[in-house]
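Here is the structure we will look at, set down as structure tokens.
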Protein chains: 2
Amino acid sequence: MTAQPQPSARPTLEDVAARAGVSRATASRVLNASPRVSPEALEAVTNAVSELGYQPNSAARALVTRRSGAVAVVFSEPEPKIFDDPHFARLIRAAARALSEQDAQMVLMLVHSPQDQERAHRFLAGGHVDGALLFAPHRNDRLTGVVRKLHLPVVLGGRPWGSLRGLHLVDNDNEGGGFQATEHLKSLGRKRIVHVSGPADELSSTDRLDGWRRSVGADDAAVELMSESGGYTRQGGRNAMRTLLRRVPDLDAAFVGSDLMAEGALAALREAGRRVPQDVAVVGFDDHVTIAAHTDPPLTSIRQDIDSQVSHMVSHLIRLLRDEPVRAKREVLPTILVRRESA
Amino acid sequence: MTAQPQPSARPTLEDVAARAGVSRATASRVLNASPRVSPEALEAVTNAVSELGYQPNSAARALVTRRSGAVAVVFSEPEPKIFDDPHFARLIRAAARALSEQDAQMVLMLVHSPQDQERAHRFLAGGHVDGALLFAPHRNDRLTGVVRKLHLPVVLGGRPWGSLRGLHLVDNDNEGGGFQATEHLKSLGRKRIVHVSGPADELSSTDRLDGWRRSVGADDAAVELMSESGGYTRQGGRNAMRTLLRRVPDLDAAFVGSDLMAEGALAALREAGRRVPQDVAVVGFDDHVTIAAHTDPPLTSIRQDIDSQVSHMVSHLIRLLRDEPVRAKREVLPTILVRRESA
DNA sequence: GCTGTCTCCGAGAGCGCTTCCAAGCCGGTG
DNA sequence: CACCGGCTTGGAAGCGCTCTCGGAGACAGC
């Protein structure tokens, strides 16, 4: 029995090897599940590990493998939205789950200001993470361009403005969803279908608008008249619907670009004395659990499966990290109509 | 001119030192802002760093300093809530901001299941992070106890169940806020003040209840009669208010334990034909921007300053990490009443 | 009996950094 | 003139791990 040097110090691989009566190399092989190890050695090391409560030192491992085991999740958004929009909470939750299933640690970065962006750039360039998931929907966002040059595996959530060259992304079928929503309203016999759109500087919202436009066959003038932006907020949806009621008094249906805006739109319709769905049928977008099912009346909505989007992004990224062949650089996930009472 | 070995390879400290014409040791001193460096050496190294675009290798640094530069932010909560409650989005945002200001990277962990907890434990014990911010409000949560034994600097957000020994925490004055809310209702001349409380297994909600109780001077029977749990959800608030209207038909005021529940409570009052604030005055809790200001009528609420709570937690943790003396192990932040139209 | 092949193992180098230690240089002092 | 102390500097050790490389042993084939 040799005296324990310091019982408080964390055991190293050296200690494990000594206890198991093998070399450090063999102990390392066991930890990394190498096949070239005899059953006896494997057992001895396994026992030593659990007896000592050994935990590999991640910094040492990262130093030699040049892998950190961490993935950045970056949201490039003006501040207020990350507060308000339940969409973010869903994305964050989904990312946390998907990454922890892969035993990757999730480093969350919220980028609001140019300084934040500078910091994010330095951080991503600094080799602190092996890859990144990036959400940067806004038109004037510079981060996507910056990241593209970085030589770091990145998967985007949603289509970015500008060139797609060299980018991997997983998007939802916003255009198809918008089309689907509007076709559904047409199938109910509605003739004057207006659209409350999201911000014009996000492709998710212009894509939804395009889907509506394709379904109703609107020309530019009609688009000008029959749609109005509500900026992805409740209050915005309310204002937009008020405007539309003024401009198109005989409207009998509305496709609203998000559930949050739809909540506002419903309020505007209520205050105008229009009954939903009798006078005006309404379809939302997102199918957000805590909104769509609890509005009055419950909201028919287009579901985009956020969990699936994020888990596709993660598995795509993991393949990139492993240098495995990646099927497609660009995936578009389908959306489905969930019927409730508003349409 | 020597040939560049590999232009694509990241420069190391060795490269910087060579270019600056100093030793690696001196270059390191410059990077770590050591005072023992001549102005000439400082300038030469600084130039070399920017010319080469040098970025220190964080793994190598972590290996020798035994510091990762990362802080875990842990939420131990059943799944659904992290979706629904805007409170979480605020906490996450505040944490992201406060930590990035300290140049600490934020590793987000969402703990829902026992497996998650096991993984979190391993991770925190594994030396991947220098410290942690922990939010674990539920009574039966085991994580706080586990973390306490971990020898890892941790600051809790909110008071945990059980012993406080050895724990650092920053809490909001929930009891005081509940008292304040109820006193305000009394000052309006209200006599029958009921309470919609949050879940009984969170101290934030029982503290608010205690504040209400102290203000109205309720005995156990009165508490039984005049308060009802709404579980921190909109629907729960609605149901609880319906129940209270049945049990206490002559109620003329309500203190509701969160804005989300207050929204539901307002709906229940509306459907019962009670006017707010004429028939029933209502005070919420949280002063959540996107709720309180937009209910009908806008909600009087108790504001707890989440940004300040989290930044206190972070600076507390930073002091712990630096082995600086910490003023108090426990901080309780004040709450204030924000008057709008509901009371 | 000798060689070739296969499997498992250990010695040792080295990842990029910080930091201890000793050496060199300077001006001032006895 | 020898010596001392303060300042800056470079050499070198070492953080804990992975992985290459060659050696040792077992076994089959000639």
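Looking across region A:5-17 at every residue that is open to solvent by less than 90 Å² (accessible area, probe 1.4 Å) and in contact (Cβ under 8 Å) with a residue 12 or more places away in the chain, the one that is farthest from DNA strand C (Cβ to nearest atom) is identified as A:P11. For region A:30-44, the tally of residues that are surrounded by 14 or more Cβ atoms within 10 Å (Cβ to Cβ) and more than 7 Å from DNA strand C (Cβ to nearest atom) stands at 4.
Listed here are the residues, each with its yes/no results for (1) at pLDDT below 90; (2) under 22 Å from B:G198 (Cα atoms); (3) of a type in the set (G, A, S).
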{"position": "B:Q278", "(1), (2), (3)": "no, no, no"}
{"position": "B:I302", "(1), (2), (3)": "no, yes, no"}
{"position": "B:D323", "(1), (2), (3)": "yes, no, no"}
{"position": "B:V326", "(1), (2), (3)": "yes, no, no"}
{"position": "B:L333", "(1), (2), (3)": "no, yes, no"}
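The set of residues from region A:100-110 being of a type in the set (A, V, I, L, M, F, W, C) and either more than 9 Å from chain B (Cβ to nearest Cβ) or open to solvent by 40 Å² or more (accessible area, probe 1.4 Å) (or both) comprises just one member, A:A104. Among the residues of region B:40-78, those identified as of a type in the set (S, T, Y) and either farther than 30 Å from B:H121 by Cβ or away from DNA strand D (no atom under 16 Å from the Cβ) (or both) are B:T46, B:S50, B:Y54, B:S76. The set of residues in region A:315-343 being over 18 Å from A:L152 (Cβ atoms), in a loop (DSSP other than H, G, I, E, B) and either touching a strand residue (DSSP E or B) at 6+ places or on another chain (Cβ under 9 Å) or not assigned by TED's automatic domain parsing to the domain that holds A:L156 (or both) consists of A:A328, A:P334, A:T335, A:R339, A:R340, A:E341, A:S342, A:A343.
Close Cβ contacts (under 7 Å, 6 or more residues apart or on different chains) running from residues in region B:27-41 that are more than 14 Å from chain A (Cβ to nearest Cβ) to residues that are open to solvent by 40 Å² or more (accessible area, probe 1.4 Å) and within 7 Å of DNA strand C (Cβ to nearest atom) comprise B:R36/B:R29; B:V37/B:R29. Checked against the criterion of being open to solvent by less than 20 Å² (accessible area, probe 1.4 Å), over 28 Å from B:T12 (Cα atoms) and more than 9 Å from every other protein chain (Cβ to nearest Cβ), the candidates A:D141, A:D171 yield just one match: A:D171.
Would you point out which residue out of B:G198, B:G176, B:G127 is in contact with a Lys or Arg (Cβ under 8 Å, 6 or more places away or on another chain), closer than 25 Å to B:F285 by Cβ and among the small types (G, A, S)? The conditions single out B:G198. In the set (1) open to solvent by 10 Å² or more (accessible area, probe 1.4 Å); (2) of a type in the set (S, T, N, Q); (3) out of contact with any strand residue (DSSP E or B) (no Cβ under 7 Å at 6 or more places or on another chain); (4) within 30 Å of B:A95 (Cβ to Cβ), the condition left unmet by B:N239 is number (4). Being at the interface with another protein chain (Cβ under 9 Å from one of its Cβ atoms), farther than 30 Å from A:G257 by Cα and not aliphatic (A, V, I, L, M) is a condition met by no residue of region A:74-83. Is region B:284-305 home to any residue that is basic (K, R) and either out of contact with any strand residue (DSSP E or B) (no Cβ under 8 Å at 6 or more places or on another chain) or more than 22 Å from B:D171 (Cα to Cα) (or both)? Looking for residues that are basic (K, R) and either out of contact with any strand residue (DSSP E or B) (no Cβ under 8 Å at 6 or more places or on another chain) or more than 22 Å from B:D171 (Cα to Cα) (or both), one finds none in region B:284-305, hence no.
With respect to the conditions (1) within 15 Å of DNA strand C (Cβ to nearest atom); (2) farther than 22 Å from A:S68 by Cα; (3) in contact with a Gly (Cβ under 9 Å, 6 or more places away or on another chain), B:L91 falls short on a single one, namely (1).
If the condition is being in a helix (DSSP H, G or I), under 22 Å from B:R119 (Cα atoms) and not polar (S, T, N, Q), then region A:97-124 contributes A:R97, A:A98, A:L99, A:E101.
Answer yes or no as to whether B:S8 is more than 30 Å from B:G257 (Cβ to Cβ) and either near DNA strand D (Cβ under 9 Å from one of its atoms) or at pLDDT 90 or above (or both).
Judged against the criteria, B:S8 is not a match.
Right, A:D85: more than 16 Å from DNA strand C (Cβ to nearest atom), among the acidic types (D, E) and open to solvent by 30 Å² or more (accessible area, probe 1.4 Å) or not?
Answer is no for this residue.
Scanning region A:45-60 for residues that are near DNA strand C (Cβ under 10 Å from one of its atoms), within 13 Å of another protein chain (Cβ to nearest Cβ) and within 14 Å of A:E14 (Cβ to Cβ) returns a single hit, A:A60.
For the list (1) open to solvent by 40 Å² or more (accessible area, probe 1.4 Å); (2) away from chain B (no Cβ under 11 Å); (3) at pLDDT 90 or above, I need the number of the one condition that A:R97 fails. So the condition that A:R97 fails would be (2). Quick check on B:L42: is it hydrophobic (A, V, I, L, M, F, W, C), at negative phi and not assigned by TED's automatic domain parsing to the domain that holds B:H128? In short, yes.
Looking across region B:111-134, the residues that are open to solvent by less than 30 Å² (accessible area, probe 1.4 Å), within 28 Å of B:Y232 (Cα to Cα) and more than 10 Å from chain A (Cβ to nearest Cβ) come down to B:A132, B:L133, B:L134. Remark: pairs (first residue in region A:140-153, in the same structural domain as A:L110 (by TED's automatic domain parsing); second residue modelled with pLDDT under 90 and assigned to a loop (DSSP other than H, G, I, E, B); Cβ separation under 8 Å; 6+ apart in sequence or on different chains) = A:T144/A:G162; A:G145/A:G162; A:R148/A:G166.
Condition first: more than 20 Å from the chain's Cα centre (by Cα), crowded, with 19+ Cβ neighbours inside 10 Å and free of Cβ contacts under 8 Å to residues at least 40 places away in the same chain. Can you find one or more residues in region A:276-291 that meet it? Spell out the reasoning first.
Taking region A:276-291 as the starting set, the residues that turn out to be more than 20 Å from the chain's Cα centre (by Cα) are A:276-283.
This time we only want the ones that are crowded, with 19+ Cβ neighbours inside 10 Å, so: A:276-277, A:280-283.
Now restrict to residues that are free of Cβ contacts under 8 Å to residues at least 40 places away in the same chain: A:280.
Scanning region A:276-291, I find at least one residue that is more than 20 Å from the chain's Cα centre (by Cα), crowded, with 19+ Cβ neighbours inside 10 Å and free of Cβ contacts under 8 Å to residues at least 40 places away in the same chain, so the answer is yes.
Scanning region A:258-275 for residues that are assigned to a loop (DSSP other than H, G, I, E, B) and either modelled with pLDDT under 95 or of a type in the set (G, A, S) (or both) yields A:S258, A:A272, A:G273. Taking the criterion of being within 17 Å of the chain's Cα centre (by Cα), open to solvent by less than 30 Å² (accessible area, probe 1.4 Å) and among the hydroxyl-bearing types (S, T, Y), the only residue of region B:309-343 that qualifies is B:T335.
The values are calculated or read from the model by the stated rules, or taken from the named source; none is laboratory data. The structure displayed is predicted, hence computed values, not measured ones. Neighbour counts run over all protein chains shown; Cβ positions are idealised from the backbone, glycine included. Only protein heavy atoms, including side chains, enter the accessible area calculation; ligands, DNA and RNA are left aside. Shrake-Rupley method; radii C 1.70, N 1.55, O 1.52, S 1.80 Å.
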